[in-house]
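Below you'll find the structure, written out as structure tokens, and then a few comments.
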Amino acid sequence: MSSDRRTPDNTTPDGQKPDYDTAERRIDSEIDPGVRAVVVAVLVLVLLGTLALPHAGGATGFDVLSGNSSALGESIALPSRIFEWFVLVFGIVFSVLALVTRIWALAWAALCGSAVACVFGMLSIWSRQTLPSDVSGGGPGIGLIVAWIAVLLLTFHWLKAVWNKTTAQLEAQERRRRAATEAEQNSQWAGPVLGRPTDRKR
């Protein structure tokens, strides 16, 4: 038989209780994206590739980030700059850190930043489609459109990963409450602890 077989009272053969505190702390600080991690990694690569594609006219995503002459020539507006920075910081950097370390806080940061990037991506496309007639610049480029779609999908998958983690956390808390209840009931059945004879009044 296996040496880690549990006894009916939920203890190990050496009489130790399962360490629910350690399990809950581990679940609190880590995520387990599973096969979803592959999808997130692919989306991160897509976002990285969109930085080299045209954002608007002849300006690429790297041009928008640096604010060079190409970006100025295309009249790049503030929503586009904010969108590209959020894609770089949260969609790429924080997503990679969350995948490598599996830290829950980093996954939350990637989720929140990607969600904000979705809004600014929509505003960027709208701003490129509504340029005044006296302003030079092209419409939304393939890099902007693909990046917006990719960050939408990235937000969805990070949301699912964080939600699954939260469900596991609640289950661990429920197991801990049951263990505490069982321990309290066992202590009540054990009866009062008698004092030592030296503690009694003479």
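The values are calculated or read from the model by the stated rules, or taken from the named source; none is laboratory data. Not measured: the values here are computed from a predicted model. Here Cβ is always computed from backbone atoms with ideal geometry, including for glycine, and neighbour counts include all displayed protein chains. SASA here: full protein model, heavy atoms, side chains in, ligands and nucleic acids out. Shrake-Rupley method; radii C 1.70, N 1.55, O 1.52, S 1.80 Å.
A few points about this structure:
- Nitroxide proxy distance, nm - points 7 Å out along Cα→Cβ at Val39 and Val116: 2.5
- Taking each residue as 0.36 nm, the span from Trp108 to Asn164 lengthens on full extension beyond its C-alpha to C-alpha distance by 18.9 nm.
- Entry note, the stretch 34-177: relative contact order of 33 percent, from Cα contacts under 8 Å with a spacing of 6+ residues.
- Ranked by solvent-accessible area (1.4 Å probe, protein heavy atoms only, all chains present), the residues Ile149, Ile125 order from largest to smallest as Ile149, Ile125.
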